[in-house]
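Report on the following structure.
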Amino acid sequence: MSAALSETDIAAEAQHHPAPNREEAWRRATLALRLRNALLDEARRLGIAPQHGDGAVRELEDESLISQLLERHVHVPDISEAACRAEYDDSPGRFRSPALFEAAHILIAADMAVAPQREAAREEARRLAAMLRERPGQFAALAREHSACPTGAEGGVLGQVTTRDVTPEIATMLQAMTPGTICPVPVPTRHGYHILRLDQRDDGRDLPYEAVRETIRDRLRRRAWAKAAHAYAATLINDQNSVPNQQESAS
């Protein structure tokens, strides 16, 4: 059986378990480590050998043991059509095509960790933004002249993008902008300062069931597998806890 959990191990694991308070994070981390150790104990008891290449680290060996054990003992039934359909019907509006934005930008690049570069880029971006407030038709020309992005050669045009295609800062601004406008303030990202223009947007639409059936099936299968794996590990913990009681009643 695995050694008792140390506070250091629990504290390290707690970082991976966001919770409303420290006590709950500690409880979740403790349970996760107990489940993991129970799986490792069982894999070693069954004589499962890690599958790895040369130079594998201990963490990879442990993952291999757990993976093989769960592959042997955790099985979930096929997800039925009725279950998939129910998931779709219970989540109206959840399955949508992503919003599309036709946009352009001018990037004034800078190492944002270096204050002089950051300030110079911000001032240059502000200067260009002020020019565009007076002459918005100059956007493409200014992009070709000033943008550090390869799209500058095309007038800064990004084409159709989703929020996943751009940085979070740009995504947030595009969602707030009105088509046909230029953002009045430069947007800072890790790359520098961006001047944004939004030409058009399509907010997406609900997808038909047939288009997302397999996505739903995969999601339900992963959910069922995770639940079964957790239950299996929990039974191992219960079996370990019952061993001392069995020995005491036999003595």
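The values are calculated or read from the model by the stated rules, or taken from the named source; none is laboratory data. A quick note: this is a predicted structure, and the numbers were derived from the prediction, not measured. Because the Cβ atoms are built from the backbone with ideal geometry, glycine has one as well, and the counts that use them run over all protein chains shown.
Here's the yes/no breakdown for (1) more than 21 Å from the chain's Cα centre (by Cα); (2) of a type outside the set (V, I, T); (3) not assigned by TED's automatic domain parsing to the domain that holds E145:
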{"residue": "T181", "(1), (2), (3)": "yes, no, no"}
{"residue": "T189", "(1), (2), (3)": "no, no, no"}
{"residue": "I195", "(1), (2), (3)": "yes, no, no"}
{"residue": "R221", "(1), (2), (3)": "no, yes, yes"}
{"residue": "K227", "(1), (2), (3)": "no, yes, yes"}
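The numbered conditions (1) closer than 30 Å to E214 by Cβ; (2) in contact with a His (Cβ under 8 Å, 6 or more places away or on another chain); (3) among the basic types (K, R) are all true for R94 except (2).
Does L128 meet the test of being modelled with pLDDT of 95 or more, touching an Asp or Glu at 6+ places or on another chain (Cβ under 8 Å) and either among the aliphatic types (A, V, I, L, M) or loosely packed, with under 14 Cβ neighbours inside 10 Å (or both)? Can you show your working first?
Details: modelled with pLDDT of 95 or more: yes; touching an Asp or Glu at 6+ places or on another chain (Cβ under 8 Å): no; either among the aliphatic types (A, V, I, L, M) or loosely packed, with under 14 Cβ neighbours inside 10 Å (or both): yes.
Answer is no for this residue.
Residue-by-condition table, conditions (1) among the small types (G, A, S); (2) under 30 Å from R205 (Cα atoms):
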{"position": "Q15", "(1), (2)": "no, no"}
{"position": "A19", "(1), (2)": "yes, no"}
{"position": "R22", "(1), (2)": "no, no"}
{"position": "R45", "(1), (2)": "no, no"}
{"position": "P50", "(1), (2)": "no, no"}
{"position": "P77", "(1), (2)": "no, no"}
{"position": "E81", "(1), (2)": "no, yes"}
{"position": "A99", "(1), (2)": "yes, yes"}
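Is it true that A121 is in contact (Cβ under 8 Å) with a residue 24 or more places away in the chain and out of contact with any Leu (no Cβ under 6 Å at 6 or more places or on another chain)? So A121 fits the description; yes.
Starting from residues that are touching a residue at least 12 places away in the same chain (Cβ under 8 Å) and more than 24 Å from the chain's Cα centre (by Cα), keep the ones in region 82-101 and report whichever is surrounded by the most Cβ atoms within 10 Å (Cβ to Cβ). Taking the candidates together, the pick is A83. Confirm whether E63 is under 22 Å from A229 (Cβ atoms), without any contact (Cβ under 8 Å) to a residue 12 or more places away in the chain and within 26 Å of the chain's Cα centre (by Cα). Yes: the conditions hold for E63. Residues in region 69-79: is at least one farther than 25 Å from D239 by Cβ and either of a type in the set (A, V, I, L, M) or modelled with pLDDT under 90 (or both)? Checked region 69-79: at least one residue is farther than 25 Å from D239 by Cβ and either of a type in the set (A, V, I, L, M) or modelled with pLDDT under 90 (or both). Of all the residues in region 179-188, those that are in a loop (DSSP other than H, G, I, E, B) and closer than 17 Å to R126 by Cα number 4.
Kindly evaluate L236 against the criterion of being modelled with pLDDT of 95 or more and crowded, with 16+ Cβ neighbours inside 10 Å.
Numbers: modelled with pLDDT of 95 or more: no; crowded, with 16+ Cβ neighbours inside 10 Å: yes.
The answer is no for L236.
Take region 132-149 and flag every residue that is charged (D, E, K, R) and under 18 Å from T181 (Cβ atoms). Talk me through it step by step, then tell me what you get.
Here is the first cut: in region 132-149, the ones charged (D, E, K, R) are 133-135, 144-145.
Passing the criteria: R133, E134, R135.
Annotation: of all residues in region 131-152 being over 30 Å from S97 (Cβ atoms) and among the aliphatic types (A, V, I, L, M), the one that is surrounded by the fewest Cβ atoms within 10 Å (Cβ to Cβ) is A141.
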